[in-house]
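Read the figures in this text as sums done on the coordinates, not as results from a lab. Just so you know, these numbers come straight off a predicted model, no measurement behind them. When we count neighbours, we look across all protein chains shown, and the Cβ atoms used for this are built from the backbone with ideal geometry, even at glycine.
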């Protein structure tokens, strides 16, 4: 590997940042102490900061020379509402919250890059260090964009990374075009007529109609989507009934959908609406379908993806990079930033499963797992990647 020596020398300090953040996780937009921690360090390194972008997001701006080009480097700061099972010394001290997705590592890698670039960086232009809240379902990326992120802090391109269990530690994987799926949700309310459980013929059973809708929805992907395309539909919630002797007058369900394009999403939405309404009507009920758009697909710009891969190859070697990584059905709100500016999102391997926390010991080191822990060996790798992106973009 061709890591930046000054970043390697600062690994212990960056590790201390990461483990501190892991001890004190915060959720959604309530990342006040995390943002304070980031702001204090950027300020100490002479990087001017602006806070309150997208509620609790912040941007550090580092300018050098007379160059007019600018680059955005993004890290997410929030944790998950998960109770940690680990027993190591840096386990979460906040009940019911845990960095189970590695955002503590993302933030620390970007801090490591910021420290190097502020003290040693060789570039001509402007670097915007973007620290985002509420990636985990809160659309913090959208909130920052709507709060004028790119009009107030212009960038010509924007880049982000996510640690990825299952890839060898330090391996970079990405691809041009769709990398991660969109994540719309559909809420279906089935309305019928309640009645006595002993006299069901006097009622219109919303639970029965809802159950049949669940079955019918299983045909949406299998019978409407080209087998060579990708889409997922899962019914993730179903609620009905209030008493042992009452036929329910209402049933509700939530449907999670993942696709890689707006056209596919529109097709699936149309089939969900048609099936739900038709099946409900067949049972003497009606169905109301509400769509919650969720995150759009994460779509990498081809030119910026090639640029990012070239940088990654310089940092970890061509043998440790892939431009054809398999897309994933998970979603990522960095997608909102990529809708506004060209850029690239990449995965950085967290290890093949051998690296995990000392908690339950069950299963591999998977994201959103209560025994997950970010692999600190990645810190100088990710920080070197972020720093080299800036230095090579701003020549």
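Taking 10 °C and 1.306 mPa s as conditions, segment 184-297 diffuses translationally at an estimated 109 µm²/s according to Stokes-Einstein applied to its Kirkwood radius (Cα pairs). For the chain, the share of DSSP beta bridges that are antiparallel, to the nearest 5, is 65%. What the Cβ-Cβ distance of residue 392 and residue 368 gives, at R0 = 30 Å and to the nearest 0.05, is a FRET efficiency of 0.35. FRET efficiency for the residue 185 to residue 89 pair, using the beta carbon distance and R₀ = 45 Å, is estimated at 0.70. Computed packing ranks the peptides 27-36, 63-72 as 27-36, 63-72, most packed first, by mean other Cβ atoms within 10 Å.
If you sort the three axes of the alpha carbon gyration tensor as a ≥ b ≥ c, you get a/c of 1.5 or more for segment 1-154 and a/b no higher than b/c, which makes it oblate.
In nm, what is the difference between 0.36 nm times the number of residues separating residue 151 and residue 242 and their Cα-Cα distance? Display every interim value, and only then the final one.
On the way: separation 91, 0.36 × 91 = 32.76 nm, distance 5.14 nm.
My answer for the length gained is 27.6 nm.
What is the gain in length, in nm to one decimal, between residue 64 and residue 124 on full extension, counting 0.36 nm per residue of separation less the C-alpha to C-alpha distance?
Full extension of this stretch gives 21.1 nm more.
Computed from the C-beta positions of residue 228 and residue 339, the FRET efficiency with R₀ = 22 Å rounds to 0.25. Once fully extended, how much extra length lies between residue 270 and residue 215, figured as 0.36 nm per residue of separation less the alpha-carbon to alpha-carbon distance? This chain segment gains 18.1 nm when fully extended.
Simple spin-label estimate for residue 13 and residue 1 gives 1.9 nm between the two label positions (7 Å along the Cα-to-Cβ direction from each Cα). Segment 54-70 and segment 270-323 have their alpha-carbon centroids 29 Å apart. A straight line joining the Cα centroids of segment 115-179 and segment 1-19 runs 19 Å.
Suppose only helical runs count, i.e. DSSP H with n ≥ 4. What mean residue ellipticity at 222 nm does that imply for the chain under -39500 (n - 2.57) per run, divided by all residues and rounded to the nearest 500 deg cm²/dmol?
Value at 222 nm, helices only: -10500 deg cm²/dmol.
When a/c reaches 1.5 or more, the comparison of a/b and b/c decides; with that in mind, is segment 1-66 rounded, prolate or oblate per its Cα gyration tensor? Note, shape of segment 1-66 comes out oblate.
The angle between the Cα long axis of helix 11-23 and the longest principal axis of the Cα atoms of the chain comes to about 30 degrees, rounded to the nearest 10. Roughly what angle does helix 379-393 make with the longest principal axis of the chain, taking Cα atoms, 0 to 90 degrees, to the nearest 10? That helix lies at roughly 70 degrees to the long axis. Between rounded, prolate and oblate, where does segment 34-73 land on the alpha carbon gyration tensor, with a ≥ b ≥ c its root eigenvalues, rounded for a/c under 1.5, else prolate if a/b exceeds b/c? Oblate is the answer for segment 34-73, as a/c is 1.5 or above yet b/c matches or exceeds a/b. Taking the C-alpha atoms only, the angle from helix 103-119 to the longest principal axis of the chain is near 20 degrees.
How large is the direction-averaged shadow of the alpha-carbon convex hull of the chain, in nm²? Average projection, Cα convex hull of the chain: 20.9 nm².
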